[in-house]
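Values quoted throughout were computed directly from the atomic coordinates according to the rules given, and no laboratory measurement underlies them. Computed from a predicted structure; not experimentally measured. Note that we place each Cβ from the backbone using ideal geometry, even for glycine, and neighbour counts take in every protein chain shown.
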Amino acid sequence: MIASTKHQAVLTAINDNKELEGALLPILHQIQHDLGHIPSEHVADIAEALNLSRAEVHGVVSFYHTFTTKPHGQHVIEVCRAESCQAKGGREIEAAVKEALGVDYEQTTDDGQITLEPVYCLGNCACSPSIKIDSQIYGRLTTQSVEDLIQSLRSEQH
Ligand code: FES
């Protein structure tokens with residue numbers, strides 16, 4: 001049932017955009033928007049519709065950071081791994097977030113709620129170390145404050 005809904009969304013994106021010049025990107029954007037990811041099992045449909053190889057489509061999906069092949073959780077936590085944050089204890093923050101969530105980068109918690117991603121500068125270097133939770137940036141973090149943030153994010157869900 002879920003697979004057929006996904007398949008339908010992929011076919012709709014193909015039909016809506018296939019006549020455009022450079023149709024691949026608009027198709028991928030529409031699928032990413034509608035499903036929250038590009039289902040790997042349907043890459044073949046996209047490739048076939050555009051007369052491309054699967055490898056070409058996979059290449060584009062993996063090149064652009066906006067496209068993901070796994071569904072995102074309801075929330076996304078981005079941990080800054082760039083220089084300023086790393087110099088101000090970013091590695092400890094990173095370890096604390098991974099520990100609290102029980103996942104590594106590019107993974108989603110078992111309950112499907114929170115996806116963890118690395119990011120390279122949030123433009124908040126003056127307040128390093130920084131993370132972003134959904135659209136909100138947090139700075140001057142300690143391992144304790146980051147654990148508290150995750151705790152409150154989790155309690156919002158219940
Ligand atoms: S280096 Fe982390 S916000 Fe700029």
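Things worth noting here:
- Put simply, the amide H of residue 107, placed in the peptide plane, has neighbours under 5 Å in 116, leaving out anything fewer than 5 places away on its chain.
- Residue-by-residue Karplus 3J(HN,Hα) for the stretch 90-104, coefficients 6.51, -1.76, 1.60, Hz, glycine and proline x: x, 5, 5, 5, 4, 5, 5, 5, 4, 5, 5, 8, x, 9, 9
- Relative contact order of the chain, defined on C-alpha pairs under 8 angstrom at six or more residues apart (%): 18
- Once backbone amide H atoms are built at 1.01 Å from N, residue 128 has 140 as its partners under 5 Å, excluding neighbours fewer than 5 places away on the same chain.
- Within a straight-line Cα-Cα reach of under 22 Å, residue 132 can be paired with the following lysines, leaving aside sequence neighbours fewer than 8 residues apart in one chain: 70, 88, 98.
- Pairwise label distance in nanometres, residue 53 with residue 134, each label 7 Å out on the Cα-Cβ vector: 4.3
- Mean separation of Cα contacts under 8 Å, 6 or more apart, over the residue count of the stretch 2-63: relative contact order %: 31
- In plain terms, the C-alpha convex hull of the chain casts an average shadow of 10.5 nm² when viewed from every direction.
- The HN-Hα couplings worked out from phi for the stretch 139-156 by the Karplus form 6.51 cos²θ - 1.76 cosθ + 1.60 (θ = phi - 60°) are x, 6, 7, 10, 4, 5, 5, 5, 5, 5, 4, 5, 4, 6, 4, 5, 6, 4 Hz, whole numbers, x standing for Gly and Pro.
- Cβ-based charge dipole, the stretch 13-156, positive-most Cα from 14, 71, 119: 119
- Aspartates and glutamates with Cα under 15 Å of residue 18, excluding same-chain neighbours fewer than 8 positions away: 45, 48
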